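Below is one structure, written out as structure tokens; the observations come after it.
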Amino acid sequence: PGSRRGEVGRLLPIFRAALEAAAPAAPGVRIAAVLAPAVRAEAEAALRSWSLPVRVVEAADKYDAFAAAAVALAASGTVSTELAVNGTPHVVAYRVDAITAAWARRVMTTPFVSIVNIMARDTVIPEFVQEECRADLIADATRRLLRDEAARDLQRKRMAREVARLDLDGPAAADRAAETVDAWARAAAGV
């Protein structure tokens, strides 16, 4: 549900309603929550009030949880890319405050928030952002993935194609950035 208090406060109630609506589509579904250390206490307190039982997974075990998950629901951010790298079908949701949303609308150059979708220039991972960050829409997308193995397989294939483009085995991003800055500086200096 995010790694900052504001995110958890805005998203966890929406996630709760979405998962309560989607869970009947998968009898025996078990819900696990991977919580960032910075919001763990607050999120655990909120999760105790849920009607569905939720197992809290240690952050150190998150990749095991991703591998075990049939479907994930995640706040927009790094976790979506991590889920894609792990081949975990998922849905992304995010909502910010009104001022941030107004600013973002003016500066965003893409209709997507997930790296995989930005790279694909298409909806590989369903995204529900701002006004569309509603429990009913999120539940429908989650329910579809829970029920439809072909949809999960297609999302896995499309994520894998985009993840392959990330060149995760190549030089580290910091090294590539340093090389680029060095090349620019040399060009500017005429060297």
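Tabulated data
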quantity	calculated
One residue from 152, 156 being at pLDDT 95 or above, touching a Leu at 6+ places or on another chain (Cβ under 6 Å), charged (D, E, K, R) and under 25 Å from residue 29 (Cα atoms)	152
Hits in region 159-179 - residues which are at pLDDT 95 or above and open to solvent by 70 Å² or more (accessible area, probe 1.4 Å)	161
Residues located in region 5-49, provided they are surrounded by fewer than 16 Cβ atoms within 10 Å (Cβ to Cβ) and in a loop (DSSP other than H, G, I, E, B)	26, 27, 28, 29, 30, 48, 49
Condition broken by residue 96, with the remaining ones in (1) of a type in the set (Val, Ile, Thr); (2) surrounded by 15 or more Cβ atoms within 10 Å (Cβ to Cβ); (3) more than 20 Å from residue 1 (Cβ to Cβ) satisfied	(3)
Qualifying residue in region 75-82 (condition: among the hydroxyl-bearing types (Ser, Thr, Tyr), open to solvent by 40 Å² or more (accessible area, probe 1.4 Å) and under 20 Å from residue 21 (Cα atoms))	no
Single match in 153, 140 (criterion: farther than 16 Å from residue 74 by Cα, open to solvent by 50 Å² or more (accessible area, probe 1.4 Å) and within 19 Å of the chain's Cα centre (by Cα))	153
Answer residue from region 75-125, given it is of a type in the set (S, T, N, Q) and part of a loop (DSSP other than H, G, I, E, B) and is farthest from residue 149 (Cα to Cα) among those	109
Number of positions in region 50-74 that are under 28 Å from residue 112 (Cα atoms) and not in a strand (DSSP E or B)	11
Qualifying residue in region 129-137 (condition: without any contact (Cβ under 8 Å) to a residue 40 or more places away in the chain, closer than 27 Å to residue 7 by Cα and either among the polar types (S, T, N, Q) or part of a loop (DSSP other than H, G, I, E, B) (or both))	yes
Check on residue 123, modelled with pLDDT of 95 or more, surrounded by fewer than 19 Cβ atoms within 10 Å (Cβ to Cβ) and over 18 Å from residue 68 (Cα atoms)	yes
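The values are calculated or read from the model by the stated rules, or taken from the named source; none is laboratory data. Every value quoted in this text rests on a predicted model; they were computed, and no experiment measured them. Every residue, glycine as well, gets a Cβ built from its backbone with ideal geometry; the counts of neighbours run over all protein chains shown. Surface areas here come from the heavy atoms of the whole protein model, side chains and all, with no ligands, DNA or RNA. Shrake-Rupley method; radii C 1.70, N 1.55, O 1.52, S 1.80 Å.
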